[in-house]
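Below is one structure, written out as structure tokens; the observations come after it.
Quick note: the coordinates plus some simple rules give every number you see, no bench work behind them. All figures in this text were calculated on a predicted structure; none of them were measured in a lab. All Cβ positions, glycine included, derive from the backbone under ideal geometry; neighbour counts span all protein chains shown.
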Amino acid sequence: MTTMTQDELKRLAARAALRYLDGARIVGVGTGSTVKHFIDALAERKDRIDGTVSSSEQSTRQLAAHGIRVLDLNEVDAIPVYVDGADECDGRKCLIKGGGGALTREKVIAAVATKFVCIIDPAKRVDVLGRFPLPIEVIPMARRYVSREIVRRGGNPVWREHLVTDNGNAILDVHGWQIADPVAMERDLNQIAGVVTVGLFAQRPADVVLIGDREM
Ligand code: 5RP
């Protein structure tokens, strides 16, 4: 038996997501190496959709290179399905996202989407979120204040120094948290002044998680 590489498993999940489009004419598109495979797969059936809403400049470039129309979110009333990857996923389909720095637009699209299909490789499935450092997007002037608030909550924030998000903000990656109650933590962190987006997708988790080509 041959063992698949992590990239092959990502590609498998990405292609499996096509089965969940259910005739959607508008598709929300996430960001990352798994989503790159999804965009390539979507290109093969681009004539069956009216357009996409993209979560990052990176995905927008790849979609445009395939000749797939990218719409501004303000131009659409609904997104029937949104396909995106994740950095971690627990048993309730709560996620850590933002490893690629696109968490804010991703969270907005997830909020609008009727169905959120998350595509991951098996290494991302965990019992308790937090081994992957939790990304938090903050406005630049609040970076040190938010860091102190995180330390007060037992986390160890590390500034992703060389990254400016598509929204002109900074990212703190928080190490050292075992996130047993992701809904409560998301709610709490959202209250800190200067926080733009917390990379916990728990209040709005995924609806479908594909691990390779298997639905969780
Ligand atoms: C980007 C994300 C990605 O979905 C997440 O980082 C997973 O990426 P990859 O598919 O490359 O493992 O949240 O902000």
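Quick look at the values:
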{"read-out": "Residue among Lys97, Lys124, Lys115 that is among the charged types (D, E, K, R), within 25 Å of Ala41 (Cα to Cα), away from the ligand (no atom under 16 Å from the Cβ) and in contact (Cβ under 8 Å) with a residue 24 or more places away in the chain", "value": "Lys115"}
{"read-out": "Qualifying residues in segment 189-207 (those that are surrounded by fewer than 18 Cβ atoms within 10 Å (Cβ to Cβ) and under 26 Å from Ala14 (Cβ atoms)) - the one nearest to the chain's Cα centre (by Cα)", "value": "Arg204"}
{"read-out": "Matching residues, segment 18-36, being touching a residue at least 40 places away in the same chain (Cβ under 8 Å) and under 15 Å from the mean Cα position of the chain (by Cα)", "value": "Val27, Gly28, Val29, Gly30, Thr31, Gly32, Ser33, Thr34, Val35"}
{"read-out": "When residues of segment 27-56 are limited to those that are charged (D, E, K, R) and within 15 Å of the ligand (Cβ to nearest atom), the one surrounded by the fewest Cβ atoms within 10 Å (Cβ to Cβ)", "value": "Asp40"}
{"read-out": "Selection within segment 160-188 - surrounded by fewer than 18 Cβ atoms within 10 Å (Cβ to Cβ), in a loop (DSSP other than H, G, I, E, B) and of a type outside the set (D, E, K, R)", "value": "His162, Leu163, Val164, Asn167, Gly168, Gly176, Gln178, Ala180"}
